[in-house]
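Here's the structure we're looking at; comments come further down.
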Amino acid sequence: MFIQSLFESITDDGIIAFHIGTSSKYTDPNDEFTNNSRRKSFIDLLSESGFQEVFMYEDANVRSDNDNGNPFLFLLAAKDWSSRSLWFRNSAQVDFEIYKRIQASVSGKPLLEYFDGSVLEAFRAPHRVMETLYCRTSPTPMECIQSKKLPDIPLSNLRVGPSSIGDGSGRGVFTDVDIEEGSTVARKSSSYPINFPPSAYDLMLNYHDISVDHQVLYNYMDGYGWESEFWVSGMLYAYPSLFM
């Protein structure tokens, strides 16, 4: 009842944050088998109550005095799926929002000691320990089983350029090898495709007519970067991405 009341009390695009204890170690079992079982139950209740997105991260700048100094864990729950765009803002966008909202300090030193856009980017990527413990759930989640079996396509098998079909046939990303259906791209690579999130794409649309630099970038992206129902690591990307 409490979680449901909480869900109903916030706005449609509301996001709520929780402190949910300390992080686990790599050798620990999943929370459902430990004293942290209530933490897992709480997360399940959030989803059952209607929260469409749940993000969990640890902050190494805040540590427990009693639990071997382990970092604290925090959880964000978004009422609507569209609110996830706030979580996935890039570093520059976050720094700009901080600049707009925070007052300048008298000393000139930053008022936020432990947070900026790059810190949020680090929070956004789940810690390997979190992923490992999640896959120790019983029964094993399907995505944990599939991720180990899916073939991976290295970037060396991909190239950008004009189509060889003929004049006017377009440009894009091509490969000279057969790609098995359901394959991931660059999952095992140390480098990843350059990806333009919707927010960056919108900015380029706004400025490409008045800025030569933006126009050059936009034209290259528009010429080589479009994906058409292209699945990468189980997600369908609906915005431009370049393989470089």
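Entry remark, segment 7-54: residues being closer than 18 Å to Phe74 by Cα and free of Cβ contacts under 8 Å to residues at least 40 places away in the same chain number 14 in total.
Candidates are the residues of segment 126-158 that are assigned to a helix (DSSP H, G or I) and among the small types (Gly, Ala, Ser); the one that is surrounded by the most Cβ atoms within 10 Å (Cβ to Cβ) is Ser147.
Could you check, for segment 147-165, whether at least one of its residues is under 30 Å from Ser37 (Cα atoms) and modelled with pLDDT of 70 or more? Checking segment 147-165: at least one residue is under 30 Å from Ser37 (Cα atoms) and modelled with pLDDT of 70 or more. In segment 7-31, what residues are hydrophobic (A, V, I, L, M, F, W, C), touching a Ser or Thr at 6+ places or on another chain (Cβ under 8 Å) and more than 17 Å from Met56 (Cβ to Cβ)? Phe7, the sole residue that qualifies. Under the condition of being surrounded by 14 or more Cβ atoms within 10 Å (Cβ to Cβ), over 26 Å from the mean Cα position of the chain (by Cα) and assigned to a helix (DSSP H, G or I), the residues counted in segment 195-217 number 1.
Looking only at residues in segment 111-125 that are free of Cβ contacts under 8 Å to residues at least 12 places away in the same chain and in a helix (DSSP H, G or I), the one that is nearest to Ser23 (Cα to Cα) is Ala122.
The values are calculated or read from the model by the stated rules, or taken from the named source; none is laboratory data. Keep in mind it's a predicted model, so treat the numbers as computed, not measured. As a convention, Cβ positions derive from the backbone with ideal geometry for all residues, glycine included, and neighbour counts pool all protein chains shown.
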